[in-house]
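Worksheet for the structure shown next.
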Amino acid sequence: MLLMHLDMPAVTAAARDYEAACEALPGASRAKCAEGVWANGAAAGVQTSGVLINGVSTPRIDIVAHRWYRWRMVYVSSGPYIVPSLPGCEVGLLAKDGIYLSTAPRPIMRGLMSTGQRADWVVRCPPGTHPFVSEPTNQTTGWMWQQQLASVVATDQNEAPCELPTFAINRPCYLADLTAATPDLAVPFALVGGGFNGTTYGGPGSSFVNLTIGTLVEFAIEYVDTHAFHQHVNPFQIAADPPDSFGGYFRKGDWHDGLFSPTFGPGPLRVRFQTDQYAGRQIMHCHFYSHSDFGQMAISTILGREGSTWPGAAAADPTCYTRTPAAPAVASASTCAACPPLGTSVCPVATPAVSNGSQSCTCRYVWSRGCSQPTGLELTCRG
Ligand SMILES: [Cu+2]
């Protein structure tokens, strides 16, 4: 699910700026520079700003009551964050920013997504209509966007409820658990003054801090309650429980590539990461674009030999792997029926002949996400 906050006045202004800049170019004309979608503002009847889901305003999402669904969400915005929740349904958190929790699913009441963030949920609803909303937090800021996001309609099909397993995955060693390890370098800084430690972005040749490849780095970041810290290349792990976990959404040990909550308070939040594999410039910035566009951005320069890895990973986390992942440890078993993997080839022998002239074809059923029945046959032919 792509959740996209559209700030209509802002995109209209940007489109008009584009047109003006375009028309100033040699050989330009108004006709050539016309921006066809946004420059004239919102169409009649369209809300001025809001969150769309897969391009639709407040869509209806049909599900089967008592059945577990996996929601894979990404949230895109120029600034405002959302606090998604699905009251009346059960919600479990599997992963944030594409990385599994150490133990999942984690029951949650609500999430918090600032721009660019991803979240994987499992949801199960009783029969009825359930509003999927971005709700108020206890401590709101001007950055929070509140609205009904979708309408979830759960239809009773007499499906027997079952319980999902609780599991702990084994991690690749570049995501080894770092919470008990000793950092090679600790770097304190504050997201203040429109920049990092009050300094705005100095361009691609600038460097905020030098790091060494194949080491364990800790950042102690102040003001993650007013700025959305985001780092490219290496995701980071929360190294200490934040003062307020936002109802358990943010816990020590969780991995992120973006981090923000108005409940964190201004004090330093410690995160850790390995400078793994990639040497060179690593950008970090505030994910509120009106901040980063005006300079709240900085470069970590990772020095050393490309391809180096942190030698402490296996000692820090003996379960981490470099090649073949081990099966996850299951703390409580699933009571749900085994699901044939998506795309499993289960065509019966009696499947109609699938030759097509000189081609040979194979068929397989494609299963619905709930895996109660195949949604179609997929035919692959070659020759
Ligand atoms: Cu900021």
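In the stretch 257-316, which trypsin sites (Lys or Arg not before Pro) fall in coil by DSSP and have 14 or fewer other Cβ atoms within 10 Å? Walk me through the numbers on the way to the answer.
On the way: sites: ARG270, ARG272, ARG281, ARG305; in loops: ARG305.
Sparse-neighbourhood loop trypsin sites (Lys or Arg not before Pro): ARG305.
Return the long-range amide H neighbours of PHE132 (sequence gap of 5 or more, or a different chain), with a cut-off of under 5 Å between placed amide H atoms.
Under 5 Å from the amide H of PHE132 lie the amide H atoms of LEU149, ALA150, SER151, VAL152, each far enough along the sequence or on another chain.
Rounded, prolate or oblate: which one fits the stretch 173-316, using the alpha carbon gyration tensor with axes a ≥ b ≥ c (rounded when a/c is under 1.5, else prolate when a/b beats b/c, else oblate)? It would help to have the intermediate numbers written out before the result.
On the way: a/c = 2.10, a/b = 1.10, b/c = 1.91.
The shape class here is oblate.
For labels at GLN157 and LYS252 in the simple 7 Å Cα→Cβ model, what's the distance in nm?
4.4
For the pair THR129/ALA13, report the inter-label distance in nm, with labels modelled 7 Å from Cα in the Cβ direction.
My value for the distance between the label points is 3.7 nm.
Under the rule of at least 5 residues apart or a separate chain, name every residue whose amide H is placed under 5 Å from the amide H of TYR81.
Counting only residues 5 or more places away or on other chains, the set is MET144, TRP145.
Using θ = phi - 60° and the Karplus form 6.51 cos²θ - 1.76 cosθ + 1.60, what ³J(HN,Hα) does each residue of the stretch 219-232 get, whole Hz, x for Gly and Pro?
Listing the rounded values in order: 9, 10, 10, 8, 6, 7, 8, 10, 10, 9, 6, 9, 10, 7 Hz.
So if R0 is 22 Å, what FRET efficiency would THR179 and THR212 give, r being the distance between their Cβ atoms, rounded to the nearest 0.05?
Working: r = 21 Å, r/R0 = 0.96.
Using R0 = 22 Å, I get an efficiency of 0.55.
May I ask you to order 230-236, 34-40, 61-67 by the average number of other C-beta atoms within 10 Å around their residues, highest value first? Numbers along the way, then the final one.
Values: 230-236: 20.0, 34-40: 13.3, 61-67: 17.9.
Averaged packing, sorted descending, gives the order 230-236, 61-67, 34-40.
Below 8 Å, C-alpha to C-alpha, sequence gap of six or more: please give me the relative contact order for the stretch 215-308 in percent. Can you show the working numbers first?
Details: 203 pairs, mean separation 33.3, N = 94.
Computed over the stretch 215-308, the figure is 35 percent.
Under a plain spin-label model, where a point goes 7 Å from the Cα along Cα-to-Cβ, how far apart in nm are SER332 and LEU2?
3.7
So what J values fall out for the stretch 20-35 if you push phi through Karplus, 6.51 cos²θ - 1.76 cosθ + 1.60 with θ = phi - 60°, rounded to Hz, Gly and Pro as x?
5, 5, 5, 5, 7, 6, x, x, 7, 9, 4, 5, 5, 9, 4, 8
With θ set to phi - 60° and the Karplus curve 6.51 cos²θ - 1.76 cosθ + 1.60, what are the ³J(HN,Hα) couplings of the stretch 148-153 in order, to the nearest whole Hz, using x for Gly and Pro?
These are the phi-based 3J(HN,Hα) values: 6, 8, 6, 10, 9, 10 Hz.
Around ALA95, which amide H atoms from residues at least 5 apart in sequence, or from another chain, sit under 5 Å from its own amide H, with H modelled in the peptide plane?
For ALA95, whose amide H was placed from the backbone, the distant partners under 5 Å are LEU101, ASP120.
Estimate the FRET efficiency between ARG70 and ALA24 by the formula 1/(1 + (r/R0)^6), using the beta-carbon distance for r and 41 Å for R0, to the nearest 0.05.
On the way: r = 49 Å, r/R0 = 1.20.
Using R0 = 41 Å, I get an efficiency of 0.25.
Bear in mind these aren't lab numbers, they're just calculated from the coordinates by the rules spelled out. Just so it is clear, the model here is predicted, and its values are computed rather than measured. FYI the Cβ positions are ideal-geometry reconstructions off the backbone, even for glycines, and counts take in every protein chain you see.
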